[in-house]
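The values are calculated or read from the model by the stated rules, or taken from the named source; none is laboratory data. Just so you know, these numbers come straight off a predicted model, no measurement behind them. Methodologically, a virtual Cβ is constructed for each residue, glycine included, from the backbone with ideal geometry; neighbour enumeration extends over all protein chains shown. Note: accessible area is taken over every heavy atom of the protein model, side chains too, but ligands, DNA and RNA are not part of it. Shrake-Rupley method; radii C 1.70, N 1.55, O 1.52, S 1.80 Å.
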Amino acid sequence: MNTTPEPSRSRPWGLIALLLSVLAWGALLLGVLAFAASFRPPGDGNNGVQAMQYWMLGALVTLVLSFVGSLVAMVMAWRRRRGAVCAAIAGALLVMLVSLVMIVIGSSWG
């Protein structure tokens, strides 16, 4: 008789999805702040961008990984019925994140 629960069932998938979506928002904020900090006065060359490029790349990688991880955790939360409300909130946060990025990209096209 096996009394230990299955490892994937005991995890709070909804809470994990919510935390990963908040991490994605934090990575977006860090990326925007790193990009804003890279601006220098005219004539300084691209030293500011070179100094901040690793911060921007790290923020972008964190954003993508936490976004995908949150999507996976949301699916697991709905399938396992472990925190569907938190997963729905995480989904709303991710939809707002994608909407914000699409608005910024769309406004730069003209």
Cβ-Cβ FRET estimate between V85 and Q53, R0 fixed at 41 Å, reported to 0.05: 0.55
Compactness of the chain - radius of gyration and Dmax, Cα, Å: 18.6, 74
Average accessible area per residue (Å²) across the chain - probe 1.4 Å, nucleic acids and ligands excluded: 70 Å²
Relative contact order computed over the chain (Cα-Cα under 8 Å; 6+ residues apart), in percent: 40 percent
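Helix by helix, which DSSP H runs in the chain go 20 Å or more along their axis at the Cα atoms and have an average Kyte-Doolittle hydropathy of 1.6 or more? Walk me through the intermediate numbers first.
Working: long enough: 13-37 (35 Å, 2.28); 47-80 (50 Å, 1.05); 84-109 (37 Å, 2.34).
Result, helices passing both filters: 13-37, 84-109.
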Cα gyration tensor shape of the stretch 54-110, rounded if a/c is under 1.5, else prolate or oblate by comparing a/b with b/c: oblate
Selection from G58, W13, V104 lying farthest towards where the dipole of the chain points positive, charges on Cβ: W13
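What FRET efficiency comes out for the pair S108/V64, r = Cβ-Cβ distance, R0 = 25 Å, nearest 0.05?
So, using R0 = 25 Å, E works out to roughly 0.80.
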Stretch in the chain that is longest and holds no trypsin sites (Lys or Arg not before Pro) that DSSP places in a loop and that have at most 14 other beta carbons within 10 Å: 10-80
